[in-house]
Amino acid sequence: MAVLPIRAYPDGVLRRKAQPVERIDDALQQLIDDMIETMYAAPGIGLAAPQVGVSWRVFVVDITSGQYPNGVITAINPELSRLEGRAQADEGCLSLPGIYGPTPRAAEVLLRCTNRAGEAVEIPAADLLARAFQHETDHLDGRFFFNRMGPVGRDIVLRKFRRAQRQR
Ligand code: NI
């Protein structure tokens, strides 16, 4: 396994729609292992393949940050449905390090995807897990959390990010 470099906004791979995965092969298993290691090393609670430069529809999420051996969820070709309710909470992203902002999301979702064993699974989620699923699915469509905010919130996030970049 390897910790991969994480792409930062405004890298182009983060701004395009990722391709559906057609085959669960050794290369994909390797990518998933590396994504999990990269997420834990960051540390973060979710990571999408475009964030490590791979334009495939895959993400990993672990809202327990590696506390439990089976805490990690791998979603291949995810689809969200039954988006219900509204919730607002501060959100951040490993591709915009150190920047957070209040982001509206559905409070509950149903995630349908293929797991790494090739099985079709459905995972109902609420609260933080629902938020993580929406955030990572957005990455596969070239969207960032600030795209879910109004124009004022988005400007604040992008201004903070540019200021942080200049100070680096
Ligand atoms: Ni993110």
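The values are calculated or read from the model by the stated rules, or taken from the named source; none is laboratory data. On a predicted model such as this, the values are computed, not experimentally measured, just so you know. Cβ: placed from backbone, ideal geometry, glycine included. Neighbour counts: every protein chain shown. For the accessible areas, the whole protein counts, side chains as well, though only heavy atoms, and no ligand, DNA or RNA atoms are used. Shrake-Rupley method; radii C 1.70, N 1.55, O 1.52, S 1.80 Å.
Kindly evaluate L158 against the criterion of being surrounded by 12 or more Cβ atoms within 10 Å (Cβ to Cβ) and either under 16 Å from P10 (Cα atoms) or within 16 Å of the ligand (Cβ to nearest atom) (or both). Judged against the criteria, L158 is a match. Checking the stretch 55-72 against the condition returns no match, with no residue being away from the ligand (no atom under 16 Å from the Cβ), assigned to a strand (DSSP E or B) and exposed (fewer than 15 other Cβ atoms within 10 Å of the Cβ). Considering (1) over 15 Å from the mean Cα position of the chain (by Cα); (2) surrounded by fewer than 16 Cβ atoms within 10 Å (Cβ to Cβ), the lone condition that L28 does not fulfil carries the number (2). Residue under question is E91, and the condition is that it be assigned to a strand (DSSP E or B) and acidic (D, E); does it hold? Judged against the criteria, E91 is a match. Looking only at residues of the stretch 102-116 that are buried (at least 20 other Cβ atoms within 10 Å of the Cβ) and more than 29 Å from L28 (Cα to Cα), we find that the one that is nearest to the ligand (Cβ to nearest atom) is T103.
Pairs needed: first member in the stretch 119-142, on the phi > 0 side of the Ramachandran plot; second member anywhere, away from the ligand (no atom under 11 Å from the Cβ) and open to solvent by 10 Å² or more (accessible area, probe 1.4 Å); C-beta distance under 6 Å; at least 6 residues apart or different chains. Here the result reads G142/R15; G142/R16; G142/K17, each pair linking the stretch 119-142 to a residue that is away from the ligand (no atom under 11 Å from the Cβ) and open to solvent by 10 Å² or more (accessible area, probe 1.4 Å).
From A75, A48, which residue is within 30 Å of Q167 (Cβ to Cβ) and surrounded by 17 or more Cβ atoms within 10 Å (Cβ to Cβ)? Residue meeting the stated conditions: A48.
Somewhere in the stretch 121-128, is a residue in a helix (DSSP H, G or I) and either open to solvent by 10 Å² or more (accessible area, probe 1.4 Å) or modelled with pLDDT under 95 (or both)? Looking for residues that are in a helix (DSSP H, G or I) and either open to solvent by 10 Å² or more (accessible area, probe 1.4 Å) or modelled with pLDDT under 95 (or both), one finds at least one in the stretch 121-128, hence yes.
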